[in-house]
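Step one of this worksheet: look at the structure below.
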Amino acid sequence: MKIELARIDDRFIHGQVLTKWVKLRPVDRIIVVSDAVASDEMRKTLVLSVAPSNIKASAVSVDKMARAYKSPKYADAKAMLLFENPEDIVRLVKQGVDIKEVNVGGMRFETDRKQITKAVSVKDSDIEAFKELDQLGVKLELRQLPGDQSVDFIRTLKNELNK
């Protein structure tokens, strides 16, 4: 499987993904990688219902994604992986999935999170996971839209945490 884009965006499939990211990084599959979504039939149905008809969309657990990545059945697939949080990406990388770069697009604000940018808020476990991804050599790019300037997310994170 060729991973064309790995993106953290807790809204998963929405207008930006459909109209902009898919054009920038053409794929034949969009895969929502989330244990929570994969195990909740109603949420999975809602998330996948907005996928474009010409692109196969699925929601799978982290472990199932690791198996699919290694399967010869998907050797020619070009995929966009969408994540809710960085912890799931750490789990995938540790299972041998070759993710070299992650686009950090959106993580909603909640009371237990620190706002890093207008679109990204993190809790302590997210911070640790981002640091681990950085240590694993995964490039972390902050960019909401394809036309936005790419910013080094780990540098932004460290700067905001040191304020």
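Check the range 69-78 and report whether any residue there is part of a helix (DSSP H, G or I) and without any contact (Cβ under 8 Å) to a residue 24 or more places away in the chain.
Our first condition is that a residue be part of a helix (DSSP H, G or I); within the range 69-78, this holds for 69-70, 72-74.
Going one step further and asking which of them are without any contact (Cβ under 8 Å) to a residue 24 or more places away in the chain, we end up with 72-73.
Within the range 69-78 (the criterion being part of a helix (DSSP H, G or I) and without any contact (Cβ under 8 Å) to a residue 24 or more places away in the chain), the answer is yes, since at least one residue qualifies.
Examine the range 89-97 for a residue that is polar (S, T, N, Q) and at pLDDT 95 or above, and state whether such a residue exists. Quick ask: steps written out before the conclusion?
Initial filter on the range 89-97 (polar (S, T, N, Q)): 95.
With at pLDDT 95 or above added as a condition, the list becomes 95.
Within the range 89-97, one or more residues are polar (S, T, N, Q) and at pLDDT 95 or above.
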### Task
Scan the range 9-26 and give yes if some residue there is open to solvent by 70 Å² or more (accessible area, probe 1.4 Å) and either modelled with pLDDT of 95 or more or in contact with a helix residue (DSSP H, G or I) (Cβ under 7 Å, 6 or more places away or on another chain) (or both), otherwise no.
no
### Message
Considering only residues that are closer than 15 Å to residue 3 by Cα, in a helix (DSSP H, G or I) and open to solvent by 10 Å² or more (accessible area, probe 1.4 Å), which ones fall in the range 88-131?
### Response
93
#### Entry: Qualifying residue in the range 111-126 (condition: under 15 Å from the mean Cα position of the chain (by Cα), among the charged types (D, E, K, R), under 21 Å from residue 13 (Cα atoms) and modelled with pLDDT under 90)
no
### Query
Applying the selection to the range 40-52, what residues are modelled with pLDDT of 90 or more, closer than 16 Å to residue 85 by Cβ and part of a helix (DSSP H, G or I)?
43
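So that you can scan it fast, the table gives a plain yes or no per residue for (1) closer than 18 Å to residue 9 by Cβ; (2) touching a residue at least 60 places away in the same chain (Cβ under 8 Å); (3) not charged (D, E, K, R):
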site	(1), (2), (3)
50	yes, no, yes
58	yes, no, yes
63	no, no, no
66	no, no, yes
86	yes, yes, yes
104	yes, yes, yes
128	no, no, no
132	no, no, no
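Return the total of residues in the range 53-67 being part of a helix (DSSP H, G or I) and either of a type in the set (Asp, Glu) or surrounded by 16 or more Cβ atoms within 10 Å (Cβ to Cβ) (or both). Don't jump to the end; show me each part of the working.
Keep residues of the range 53-67 that are part of a helix (DSSP H, G or I), which gives 62-67.
Imposing the further condition that a residue be either of a type in the set (Asp, Glu) or surrounded by 16 or more Cβ atoms within 10 Å (Cβ to Cβ) (or both) reduces the set to 62-63, 65-66.
The number of residues fulfilling the criteria is 4.
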### Query
Which one is surrounded by the most Cβ atoms within 10 Å (Cβ to Cβ), of the residues in the range 68-87 that are out of contact with any Lys or Arg (no Cβ under 7 Å at 6 or more places or on another chain) and of a type in the set (Lys, Arg)?
70
### Query
Considering only the range 35-46, how many residues are farther than 19 Å from residue 89 by Cα and touching a residue at least 24 places away in the same chain (Cβ under 8 Å)?
0
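The values are calculated or read from the model by the stated rules, or taken from the named source; none is laboratory data. These numbers come from a predicted model, not from an experiment. Because the Cβ atoms are built from the backbone with ideal geometry, glycine has one as well, and the counts that use them run over all protein chains shown. Quick note on the areas: whole protein, heavy atoms, side chains included, nothing else; ligands and nucleic acids left out. Shrake-Rupley method; radii C 1.70, N 1.55, O 1.52, S 1.80 Å.
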